[in-house]
Amino acid sequence: MDNNNFPRRNRQVSKKRGFMDRQGVYAIAVACLILVGVAAYFTFDSFSSTAARPTPEGQQALIAQTPRPTTAPVIKTPEPTKAPEPTAAPVVQVVKESMAKPFDYEVLRPYSPEDPIYFESLKEWTVHTGADLSAKAGTQVKACLSGTVTAVVNDAALGYTITITSDGGRKLVYSNLATLDQVKKGQKVKKGDVISTLGNSASSTKGDPAHLHLEYYLNDKPKDPIAAME
């Protein structure tokens, strides 16, 4: 055996040990650096977490600054309004003008629209939708109501006839007059105005004494003129 080989082997071993020793030192150094880095990371993270947490004073400040949630407004559903009750229309009372007598008269024939009465001049029984009021011939005939003259005619059966229409649907027909010269159609007359004189112009009652055949209508329905007078 060559003894010179031993020192060479020892040298090689020494070289390997030195290399390993250096590698170990490096590994330890790297491990230490890693440990230091990890410790620094956790230390910084802990510090950051602590700094992020507010102090009690800070918590109060945050609570004071944090807006409190406002309570949602209570929306009240409006109650349905009641329809106004219809007010009753005011009752307008129209005071009708009273009806006056055309002159001082005697009743020759009364108003009789249902029961026939006997006409001496006609020699027959018939209903009577007016009233025959007698007086001296030439007696002034006055308007029983104020109104408008709506007709001035010479009727074949009733003779000279004047119709006056008044308010309230009232109408008076004056027949068997002596003249038509005192009023005209469309003329306004007042109650008590003279509209003609008493005559005997009706052909149907030529044999009767002078009288006024007076008809009274309320809303075109015949009524008793004597009952309507004052």
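Looking at the range 119-139, which of its residues are closer than 16 Å to PRO209 by Cβ, at pLDDT below 90 and either touching a Pro at 6+ places or on another chain (Cβ under 7 Å) or in a strand (DSSP E or B) (or both)? Matches in the range 119-139: PHE119 only.
Does ASN200 satisfy the condition of being within 44 Å of the chain's Cα centre (by Cα), surrounded by fewer than 20 Cβ atoms within 10 Å (Cβ to Cβ) and farther than 13 Å from LEU145 by Cα? It is false that ASN200 is within 44 Å of the chain's Cα centre (by Cα), surrounded by fewer than 20 Cβ atoms within 10 Å (Cβ to Cβ) and farther than 13 Å from LEU145 by Cα. Across the range 94-149, the number of residues qualifying as open to solvent by less than 20 Å² (accessible area, probe 1.4 Å), more than 15 Å from ILE164 (Cβ to Cβ) and among the aliphatic types (A, V, I, L, M) comes to 2. Which one of the conditions (1) open to solvent by 70 Å² or more (accessible area, probe 1.4 Å); (2) under 19 Å from LYS101 (Cα atoms) does LYS185 fail to meet, given that it meets all the rest? (2) is the only condition that LYS185 fails.
Does at least one position in the range 165-175 carry a residue that is exposed (fewer than 14 other Cβ atoms within 10 Å of the Cβ) and on the phi > 0 side of the Ramachandran plot? Among the residues of the range 165-175, at least one is exposed (fewer than 14 other Cβ atoms within 10 Å of the Cβ) and on the phi > 0 side of the Ramachandran plot, which makes the answer yes.
The values are calculated or read from the model by the stated rules, or taken from the named source; none is laboratory data. Please read these numbers as outputs of a predicted model, since none were measured by experiment. Because the Cβ atoms are built from the backbone with ideal geometry, glycine has one as well, and the counts that use them run over all protein chains shown. SASA here: full protein model, heavy atoms, side chains in, ligands and nucleic acids out. Shrake-Rupley method; radii C 1.70, N 1.55, O 1.52, S 1.80 Å.
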